[in-house]
Structures are given as structure tokens and as C-alpha cells.
1. Using Rg/Rh (Cα atoms, Kirkwood Rh) as the read-out, say which of [x] 1.04; [y] 0.98; [z] 0.94 was calculated from these coordinates.
2. 7 Å from Cα along Cα→Cβ at both residue 150 and residue 74: what's the point-to-point distance in nm?
3. For a label point 7 angstrom out from the Cα of residue 186 toward its Cβ, which stretches of region 154-169 have the backbone nitrogen within less than 12 Å?
4. Taking the Cα centre of the chain as the origin, how large is its charge dipole in debye, to the nearest 20, when only Lys and Arg (+1) and Asp and Glu (-1) carry charge on their Cβ atoms?
5. Could you please state how large a percent of the accessible area of the chain is carbon and sulfur, counting protein chains only and using a 1.4 Å probe?
6. Evaluate the distance, in nm, between pseudo-label points positioned 7 Å from the Cα of residue 67 and of residue 133 along their respective Cα→Cβ axes.
7. Using the beta-carbon distance between residue 162 and residue 121 and R0 = 41 Å, what value does 1/(1 + (r/R0)^6) give for FRET efficiency, to the nearest 0.05?
8. Tell me, what is the percent relative contact order of the chain, built from C-alpha pairs under 8 Å that lie six or more residues apart?
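The values are calculated or read from the model by the stated rules, or taken from the named source; none is laboratory data. All of these numbers come straight from a predicted model, not from anything done at the bench. Methodologically, a virtual Cβ is constructed for each residue, glycine included, from the backbone with ideal geometry; neighbour enumeration extends over all protein chains shown. Heavy atoms of the whole protein, side chains included, go into the accessibility calculation; ligands, DNA and RNA do not. Shrake-Rupley method; radii C 1.70, N 1.55, O 1.52, S 1.80 Å.
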Amino acid sequence: MRKNCLLLAFFSLLSFYFLSCSQTAPEMKAGYCALLFNYSEDDSKPLVRLSYFAQTDTNPQRIQEIEIKSLTSDLSWYLTDLIKIQDKKKYYVGYNNIAMPDNEAFPKGAYQVSFSTFDEQSYTMNFNLNYDSSLYELKNNQLQSYVDEKSFIKNVVAFDANNILLFYSDLDSDDKFEKLLFDNPEAESYKDVYVSSNKSVYLIFPQKLIESK
């Protein structure tokens, strides 16, 4: 996996690895979706992406295509460049860069997810997308007060001089960031990432240079 696959890192704290091929037909389990709001230094609207992954207990290499369809609008996405990943004995398949036309707001409500395999098997799952629409209008200088009021969980992601992701971690203690920087001396910049309690919304703050550099 490319280390600079940033949106996948935001989707989960798990360690993921590429899968080898298998002839076992996948059996789809739970689905996981998250909206990623990437804010900039100026007052422009955030860049928003939807990440969706489904869990399966068997290797999902035979899945060829995923269609994600909003049941409250006429929007749908056909995804073929899928990410297939493994964490221990669990497997995941999905996509982490689903965009709305012209960066409009994602429709709330019910969605249907259809999986198609190379041998024409199909699987269907559903999920509901609910989020605070005001996140599209928040300005950079309003972010901190919003996350403090809503009790978001603070995380951090750091990059080297080539903007390659070095680590993504929660910050469960005051000195943890300093310890992470000590273990990763090549880190040049970072972003604060605030995650909702149900991990369905990620607010990605503007990138900052590490002051000691």
C-alpha cells in the first residue's frame, strides 16, 4: 500500500496489508463509512470525501466492482479501483475517495451498496449517512470551538519533507505527540485530526510545520 494513502489512514487506526489472491467467494459482513472534511487555511469550503469499507471473513480478491447508490437522490458511484486490505484474520474491501460533483453536500439518509464479483455473484448491503450539515460552512478559525463543544477525539498525522505519511495516532496524553516526534525525527509537518465518537466524521485541520524544525 502507498504510505501516502492518507484517506485510508484516517478511516481506521488498524494496520492494513495487501492481500494475496484466493478463489474463496467472499461473504460480506459489517460495513463502515466515514465522511472526511479536509479544511484549508483560507475561508473556502472543506474538501469532503466519503470512505466506505465492508468487512468479510474471506479474501475479497474476487470482488470486481462496488456500486454505492443514494436512495434519497439519483446519485450513484461505480467503483472499480478498489482497496483490498487485511488486518490479522479480518479482510476489508472498499474505496476511500468518493466525491460529490462540484464538492456539493453528500445526501443524508439511506444508501445501498452492491458488490459484484468476476464470476457474476452479487451482494448487497445498506448504510445510513447522517452528519451535521454546518460542517460544510465552518471556517478554519471556527474549528477548534466546534470540536471542543462536540467532544471530538483528537488525533494527529505527521509527514516527512516529501509529504509522505509517517504516522497517524490518537493523542491520549499531553506528551504523546513529543514522543512520536522523537521516534520519527524525519517528521516535518503535521495535521490535527478530530474524530466523532462514533468514528463517522473526521475533521482534518490545515497542515502545520513542526516548530522545532
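1. [y]
2. Taking the two extended label points, one gets 3.1 nm.
3. Within reach of a label on residue 186: 159-167.
4. Numbers: 21 positive and 29 negative charges, 108 e Å.
For the chain, the charge dipole is close to 520 debye.
5. C and S fraction of accessible area: 46 percent.
6. 2.8 nm
7. So, using R0 = 41 Å, E works out to roughly 0.50.
8. Reported relative contact order: 21 percent.
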